[in-house]
Amino acid sequence: DAKTTQPNSMESNEEEPVHLPCNHSTISGTDYIHWYRQLPSQGPEYVIHGLTSNVNNRMASLAIAEDRKSSTLILHRATLRDAAVYYCILRDESGGGADGLTFGKGTHLIIQP
Amino acid sequence: EAQVTQNPRYLITVTGKKLTVTCSQNMNHEYMSWYRQDPGLGLRQIYYSMNVEVTDKGDVPEGYKVSRKEKRNFPLILESPSPNQTSLYFCASSLWGLGNQPQHFGDGTRLSIL
């Protein structure tokens with residue numbers, strides 16, 4: 001799977017939108033962009049994924065650049081419960097179980113009350 | 001409720017004493033996988049299973065065994081645990097082992113091997 005680059009940490013205020021960036025300049029045409037988050041003392045939690053078009057679900061929105069070399073996870077109104085490490089992961093459409101999910105260091109999101 | 005259940009959540013044991021960590025999912029998923037998480041190393045895949053009776057090695061399989069006799073269960077077996085297997089373990093499942101499938105994770109099992 002191609003590599004992603006994320007900021008080590010970001011800070012935001014409660015009830016404000018949060019934009020978490022991810023760069024993936026070597027993405028291939030068949031790579032899906034996935035976002036997971038891991039809250040303290042819990043397992044990773046799926047947030048959202050997309051291929052080319054922007055995606056929305058109940059948790060977040062995913063904005064994908066036209067050239068697909070970067071993406072942004074958007075939390076529309078952050079709460080204290082959104083404080084977690086957020087991982088941006090690329091996964092080829094064929095999956096291939098041996099790849100698993102490659103978790104980098106992610107972005108540690110801090111939410112201030 | 002759709003979930004992946006791991007047991008035990010915590011275990012302290014001694015070198016060489018065989019142990020099994022169970023994993024069960026109730027979503028009728030074909031694909032299941034085991035990861036370990038260590039500080040500074042992120043999550044690394046140990047073993048995975050694309051379907052019943054089909055298992056294969058991930059990135060760090062040494063010292064571990066798995067089996068997939070039923071779709072819902074995927075136990076992780078440490079035949080002779082050693083201190084370097086002290087770690088946080090996660091089981092995950094997805095509908096299929098494809099790149100557009102989200103994976104669902106259990107809450108983790110923290111193993112300490114003394």
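The values are calculated or read from the model by the stated rules, or taken from the named source; none is laboratory data. This is a predicted model, so every value here is computed, not measured. Cβ sites come from the backbone with ideal geometry, for glycine too, and all protein chains shown count toward neighbours. Note: accessible area is taken over every heavy atom of the protein model, side chains too, but ligands, DNA and RNA are not part of it. Shrake-Rupley method; radii C 1.70, N 1.55, O 1.52, S 1.80 Å.
At 7 Å along the Cα-to-beta-carbon direction for both A:Ile110 and B:Ser80, put a label point, then send me their distance in nm to one decimal. Taking the two extended label points, one gets 4.7 nm.
Of the accessible area of chain B, computed with a 1.4 Å probe over protein heavy atoms only, carbon and sulfur atoms account for 51 percent.
Couplings 3J(HN,Hα) for segment B:71-84, derived from phi with the Karplus relation 6.51 cos²θ - 1.76 cosθ + 1.60 (θ = phi - 60°), are 4, 7, 10, 8, x, 10, 10, 10, 5, 9, x, 10, x, 6 Hz, where x marks Gly and Pro.
Percent of alpha carbon pairs in the protein assembly as shown separated by more than 33 Å?
Cα-Cα pairs in the protein assembly as shown separated by more than 33 Å: 17 percent.
Applying the Kirkwood pairwise sum to the alpha-carbon positions of chain A produces a hydrodynamic radius of 14.1 angstrom.
Measuring nothing but how far apart in sequence close Cα pairs (under 8 Å, 6+ apart) lie, relative to its length, chain B scores a relative contact order of 36 percent.
Candidate cross-link partners of B:Lys69 among the aspartates and glutamates, defined by an alpha-carbon separation under 17 Å and a same-chain spacing of 8 or more, comprise B:Glu30, B:Glu53, B:Asp56. Considering only the Cα atoms of chain B, their convex hull presents on average a projected area of 6.7 nm². A cut-off of 5 Å between modelled amide H atoms, ignoring neighbours fewer than 5 places along the same chain, links B:Thr86 with B:Ile113. With contacts taken as Cα pairs under 8 Å at a separation of at least 6 residues, chain A carries a relative contact order of 37 percent.
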